[in-house]
2 protein chains.
Amino acid sequence: MPVYPANKMMKISVNANCCELSPIRKFHPLAVAAEQQGLRIFHLNIGQPDLPTPSAFYDAIRQVPNDGTVAYAPSPGMPELIGAVERYYRGIGVDLSPADILITTGGSEALLFTCLSILDPGSEVIVPEPYYPNYATFIRAAGGVIRPMQTQGENGFRYAGREELERMITSKTRAILVTNPGNPTGTVLTQGEMDMLARVAKAHGLYLISDEVYREFCYDPQAGVPTMATLPGLEENLIVIDSVSKRFSACGARVGCAITKNPLVQEAILKFCQARLSVATLDQIGAAALYDTDPSLFRQARAEYCRRRDVVVQGLRQIPGVRFTIPQGAFYLMAALPVDDTDKFQQWLLTEFADQGQTVMFAPGAPFYATEGRGVQEARIAFVSSPPELERAIVLLGLGIAAYNARR
Amino acid sequence: MPVYPANKMMKISVNANCCELSPIRKFHPLAVAAEQQGLRIFHLNIGQPDLPTPSAFYDAIRQVPNDGTVAYAPSPGMPELIGAVERYYRGIGVDLSPADILITTGGSEALLFTCLSILDPGSEVIVPEPYYPNYATFIRAAGGVIRPMQTQGENGFRYAGREELERMITSKTRAILVTNPGNPTGTVLTQGEMDMLARVAKAHGLYLISDEVYREFCYDPQAGVPTMATLPGLEENLIVIDSVSKRFSACGARVGCAITKNPLVQEAILKFCQARLSVATLDQIGAAALYDTDPSLFRQARAEYCRRRDVVVQGLRQIPGVRFTIPQGAFYLMAALPVDDTDKFQQWLLTEFADQGQTVMFAPGAPFYATEGRGVQEARIAFVSSPPELERAIVLLGLGIAAYNARR
């Protein structure tokens, strides 16, 4: 057996060190321990829709003969899926050519490759806060940093006006990244707000990254199916992030896309697509079939989530001291709870609380903010389970708050 | 319609600009045009095995009920797949715990996340040259640079000795990255060579990234199933890249893994795994089933590729002036052709050559080298089609070389 001399210190990259492990993971051991003690946990903490994936997904995959080779797909995506995405966009008034669509392993990979394509070390990305925490990792992977644009729950998490936004722009600002409808806020941008963002992006030569994976989930009939992709003159600036995950309740398929008409960005993203070879072949076949399912699916899913939102809203109104804005879209709301610290409160709910053998989980708010100290009393609540489960979950939250605050 | 002012210049990241589009893509339009003119192209240019994927993959996926939700899998991978990988490694004498295995979207994602986890801008990675061209993109995505360790075809592409290797190490060197068996060379490292690399990595505090996706494809019975993972004392240094793509002829499943016992590297890679949420669920179910297929599959596949290698070797020996080393593993060999420039020769083969309405494609050698001017007369030849097709492809190559050189 060879003997090696002692190791020197091994280094982890600065960027990886700056990223955070999932804040949800932190509570996983406590949740497991609670369940082992027989506690039932009601989950308001995860964004995994429980609606069934349309059977077209499974059926298309089952039709693939089982005696062939599961071969690499083309790096930019399979032509049948690109064609399906193109048709879908035509249906919402957006004219795309196949080169504008790069199929990715979920919206996540589209975001990562976009960041790697347009950010240099030190580049700044303006992101409305609170935001989806994984944005921080994708931006940091490219060496970029988030410049949070603060929004306030009392004000429905509406974005800052043009002047305030422009004051944030420096020589290092490379992009504005928005989620519309918003995660974790459920805020849906108005046409005027989208237009303002577009004007600022154009005027300052910034990329506008619009993460629209919740696009089909707007609960105000006036909102329609909002997208930046219909705005004129944004060919060079706009990168739309899309995914089948939420739209078709197919999160585990890991099929998304980056959409841009900027040929240099197309080429840069394509370089990363080519290096990683391809997106899973069977999932692309299934995803293409999803786009051919009856569009009434969207209406049904929207109606179901709207019902769930209303259940959560009604429940939260019964809890003294809880403040929130009714979400206009997506599956989430960000609520201010009358507790000192939602992180501590969550831990307490898993270790010291139970009502009829049941407790509840949410996502503590601080990781949704870059600004130190913000979100400490907030919780993201996802409404992706059945109305009776949601109802009980909110009752448990109320009982928990009362017991937590009565404890001293 | 709003009118926006003119755009400022939009920037692409320095790292993306440093990456290359796939060199193979360059010939794609020419190949399409040739086929449209009725030419049949024999492919020696791609690494897509044509052996069927074991039906266990399809069958496991078909058993998933078609009325449920295709949900996110756990970020580090599904327990059943991690367990299957663990059992496979136990079978080749490597003791792993589940935390040592991070399931990724192919070996490609494992490489990208490894680079993002351990490289800072300017970090150097020593890579034996010629190498798999996509390494350049993964390393560059993290801001790192390749320091090529030159190997020579005349010498069977054997690695440099310890002293020469150590002379390449600078304060910026962070890792040594090897492919074993080698792509594009087919070179299989001896136990002594692996041991030398391990000693150097230990002595200088370097990561040793061992891409072992071709591990099962060694044609010398003495070689066995080579892996760095059995070397002692490398817990902090070693990161093994693995994949089901070649092993089970399932490239389009996009299931691989990064394996390391270094807890800091595990945590860093896990951060990126969590940010991208999960690997495709159905593919993980299929991949887990692949690991339970009859191990005689490996023997059969190895025998088939060995037969193909021999067909290619015999054919190439008939072509005057072609020089190559018989590959000991993987599906490739790097041949020096008696032409001025294999890139020009490939272009000519697609536009000006045909024999009985047929022509041939290979991968020109220069993109496999970082050193300017190397590989210009070389071609990577992949033996992943049937023996009669390979035989004809090599005959076409010989006829092409003769006609190309007779042309002036």
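Conditions tested, residue by residue: (1) surrounded by 18 or more Cβ atoms within 10 Å (Cβ to Cβ); (2) in contact with a Pro (Cβ under 9 Å, 6 or more places away or on another chain); (3) more than 8 Å from every other protein chain (Cβ to nearest Cβ); (4) at pLDDT 85 or above.
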| residue | (1), (2), (3), (4) |
| --- | --- |
| B:V3 | no, yes, no, no |
| B:M9 | no, no, no, no |
| B:N15 | yes, yes, no, yes |
| B:R25 | no, no, no, no |
| B:Q63 | no, no, yes, yes |
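Any chance you could count how many residues in the stretch B:92-127 are more than 27 Å from A:S13 (Cα to Cα) and touching a residue at least 60 places away in the same chain (Cβ under 8 Å)?
Total satisfying the criteria: 3.
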Q. Does any residue of the stretch B:46-55 turn out to be open to solvent by less than 30 Å² (accessible area, probe 1.4 Å) and at the interface with chain A (Cβ under 8 Å from one of its Cβ atoms)?
A. yes
**Q.** Conditions (1) closer than 15 Å to B:K271 by Cα; (2) open to solvent by 10 Å² or more (accessible area, probe 1.4 Å); number of the one not met by B:T114
**A.** (2)
(Q) Quick test for you: out of A:V225, A:V279, A:V240, pick the one residue that is out of contact with any helix residue (DSSP H, G or I) (no Cβ under 7 Å at 6 or more places or on another chain) and away from chain B (no Cβ under 13 Å). (A) A:V225
**Q.** Residue satisfying condition, being more than 8 Å from chain B (Cβ to nearest Cβ), closer than 25 Å to A:V240 by Cα and touching a Ser or Thr at 6+ places or on another chain (Cβ under 9 Å), within set A:G106, A:G77
**A.** A:G77
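With the requirement that a residue be assigned to a loop (DSSP other than H, G, I, E, B) and either in contact with a Cys (Cβ under 6 Å, 6 or more places away or on another chain) or open to solvent by less than 10 Å² (accessible area, probe 1.4 Å) (or both), what does the stretch B:164-182 give you?
Kept after step one, since they are assigned to a loop (DSSP other than H, G, I, E, B), are these residues of the stretch B:164-182: B:168-172, B:180-182.
Correct list: B:N180, B:P181, B:G182.
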Q) In the stretch B:199-236, which residues are in a helix (DSSP H, G or I) and of a type outside the set (A, V, I, L, M, F, W, C)? A) B:R199, B:K202, B:H204, B:P221, B:Q222, B:T230
Q: Please work out which residue is nearest to the other protein chains (Cβ to nearest Cβ), limiting yourself to the stretch B:31-43 and to residues that are part of a helix (DSSP H, G or I) and surrounded by 17 or more Cβ atoms within 10 Å (Cβ to Cβ).
A: B:A31
Q: Might you check whether a residue that is charged (D, E, K, R), more than 20 Å from the chain's Cα centre (by Cα) and under 26 Å from A:R158 (Cβ atoms) occurs anywhere in the stretch A:283-306?
A: no
Q.
Regarding the stretch A:321-333, can at least one residue be identified that is under 19 Å from A:A34 (Cα atoms) and among the hydroxyl-bearing types (S, T, Y)?
A. no
Q) With B:A258, B:A268, B:A289, B:A301 as the choices, which residue is open to solvent by 10 Å² or more (accessible area, probe 1.4 Å), touching a helix residue (DSSP H, G or I) at 6+ places or on another chain (Cβ under 6 Å) and outside any loop (DSSP other than H, G, I, E, B)? A) B:A289
Q. For the stretch A:314-408, list the strands (runs of 3 or more DSSP E) that sit wholly inside it and hold at least 3 residues that are within 17 Å of A:T151 (Cα to Cα), aliphatic (A, V, I, L, M) and under 22 Å from the mean Cα position of the chain (by Cα); which are they?
A. A:332-336
Q) Which residue out of A:F217, A:F248 is touching a Gly at 6+ places or on another chain (Cβ under 6 Å) and of a type in the set (F, W, Y)? A) A:F217
**Q.** Test set (1) farther than 18 Å from A:Q284 by Cα; (2) at the interface with chain A (Cβ under 10 Å from one of its Cβ atoms); (3) touching a residue at least 40 places away in the same chain (Cβ under 8 Å); (4) small (G, A, S) - B:A301 fails condition number
**A.** (2)
Q: Can you run down the residue pairs with Cβ atoms below 9 Å, 6 or more apart or on separate chains, where the first is in the stretch A:199-212 and facing chain B (nearest Cβ under 8 Å) and the partner is among the aromatic types (F, W, Y) and surrounded by fewer than 20 Cβ atoms within 10 Å (Cβ to Cβ)?
A: A:R199/B:Y4; A:K202/B:Y4; A:A203/B:Y4
Q.
The conditions are (1) under 29 Å from B:A382 (Cβ atoms); (2) without any contact (Cβ under 8 Å) to a residue 12 or more places away in the chain, and B:N66 fails exactly one of them. Which is it?
A. (1)
Q. When the residues of the stretch B:395-408 are filtered to those that are farther than 14 Å from B:Q346 by Cα and modelled with pLDDT of 95 or more, which remaining residue is surrounded by the fewest Cβ atoms within 10 Å (Cβ to Cβ)?
A. B:A406
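The values are calculated or read from the model by the stated rules, or taken from the named source; none is laboratory data. The structure displayed is predicted, hence computed values, not measured ones. Methodologically, a virtual Cβ is constructed for each residue, glycine included, from the backbone with ideal geometry; neighbour enumeration extends over all protein chains shown. Accessible surface areas use protein heavy atoms only, side chains included; no ligands, DNA or RNA. Shrake-Rupley method; radii C 1.70, N 1.55, O 1.52, S 1.80 Å.
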